[in-house]
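The structure appears below as structure tokens.
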Amino acid sequence: MQPFHIAIDGPAGSGKSSISKELAVKLNCIHIDTGAMYRAVTAIALRNQTPLDDVNSYQFLESSKFVYKKESIYVNDENLTEVIRDKTISQHVSLVSSIKYVRETLVKVQQDIAKDYDVVMDGRDIGSVVLPHAQVKIFLTAQIEERAKRRIHEMGLDIPLRQMIEDIQTRDFKDSTRAISPLTKASDAIIIDTTYLTKKEVIELIMTEINKRK
Ligand code: CDP
């Protein structure tokens, strides 16, 4: 039987990862947070102290094995789950994820994982590039202020709302305007604005779409 694929895309702080995680538990399938992979590559490149805008800095990808399991990201068995949430990573990840070689490598890793399994995969280009034939495609969004508030809350940060709004806007701008696979809504994706919805309500809406196609 063909695996069942659910693609969840959307901008920073739109709730993709937490919604996808719960959805995967409900459906008893794998959740893959592709953003964690781009963050892991950024963490390694920063640690290597090589120029982030030089493709040669990413040679290490040739011998890197990515595993995303139980909401944790491992590269060659090193657990990078905590490290990748650092502010420095958020500041540099958009540059790293705009590099063609990095994208090609990670898209292949993501497609290989999904090949034989039912998955809920979240990111920026899942419905458009990674899983263009996904049975369900969702584009989650929310007003910028709400997204910034959620991000401050989930990270337990003590920073002004205005600053978080600016950080998120900067990243959204870079992600949406890059040349390769920019953040975009696939033409057949369903938009869900989560600004005034609870997590439970969002999951119910997505479940309705899943049940229509199962
Ligand atoms: O902070 P948030 O959870 O919204 O972002 P993330 O999902 O952790 O993704 C971090 C960054 O990785 C994004 O800002 C993009 O630059 C990049 N990314 C991407 O280019 N393509 C994906 N499929 C997923 C993430």
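The values are calculated or read from the model by the stated rules, or taken from the named source; none is laboratory data. Here the structure is a predicted model, which means the values were calculated and not measured. Every residue, glycine as well, gets a Cβ built from its backbone with ideal geometry; the counts of neighbours run over all protein chains shown. Just the protein is used for accessible areas: all its heavy atoms, side chains included, with ligands, DNA and RNA removed. Shrake-Rupley method; radii C 1.70, N 1.55, O 1.52, S 1.80 Å.
Filter region 34-44 down to residues that are of a type outside the set (A, V, I, L, M, F, W, C) and open to solvent by 10 Å² or more (accessible area, probe 1.4 Å) and give me whichever is farthest from the ligand (Cβ to nearest atom).
The qualifying residue farthest from the ligand (Cβ to nearest atom) is R39.
Which members of region 87-104 meet the condition of being open to solvent by less than 30 Å² (accessible area, probe 1.4 Å) and either within 28 Å of I152 (Cβ to Cβ) or not in a loop (DSSP other than H, G, I, E, B) (or both)?
I89, V93, S94, V96, S97, V102, R103
Among the residues of region 147-191, write down those that are among the hydrophobic types (A, V, I, L, M, F, W, C), open to solvent by 30 Å² or more (accessible area, probe 1.4 Å) and within 10 Å of the ligand (Cβ to nearest atom).
M155, I180, listed by residue number.
Name the residue that is nearest to T198 (Cα to Cα), counting only residues in region 12-25 that are in contact with a helix residue (DSSP H, G or I) (Cβ under 7 Å, 6 or more places away or on another chain) and at pLDDT 95 or above.
Within region 12-25, the match that is nearest to T198 (Cα to Cα) is I19.
Out of (1) away from the ligand (no atom under 14 Å from the Cβ); (2) surrounded by 13 or more Cβ atoms within 10 Å (Cβ to Cβ); (3) more than 17 Å from the chain's Cα centre (by Cα), the odd one out for V136 is which?
The one condition V136 does not meet is (3).
Give the residues of region 50-86 that are free of Cβ contacts under 8 Å to residues at least 12 places away in the same chain, part of a helix (DSSP H, G or I) and in contact with a helix residue (DSSP H, G or I) (Cβ under 9 Å, 6 or more places away or on another chain), sorted by residue number.
E62
Has region 16-28 got any residue that is over 24 Å from L205 (Cα atoms) and within 12 Å of the ligand (Cβ to nearest atom)?
No, region 16-28 contains no residue that is over 24 Å from L205 (Cα atoms) and within 12 Å of the ligand (Cβ to nearest atom).
Look at region 156-196 and say how many of its residues are touching a helix residue (DSSP H, G or I) at 6+ places or on another chain (Cβ under 7 Å) and of a type outside the set (D, E, K, R).
Of the residues in that region, 17 qualify.
Could you please tell me which pairs satisfy a Cβ distance under 6 Å, a separation of 6+ or placement on different chains, a first residue in region 106-131 that is assigned to a loop (DSSP other than H, G, I, E, B), and a second residue that is within 11 Å of the ligand (Cβ to nearest atom) and of a type in the set (S, T, N, Q)?
Hits for this filter: D125/S181.
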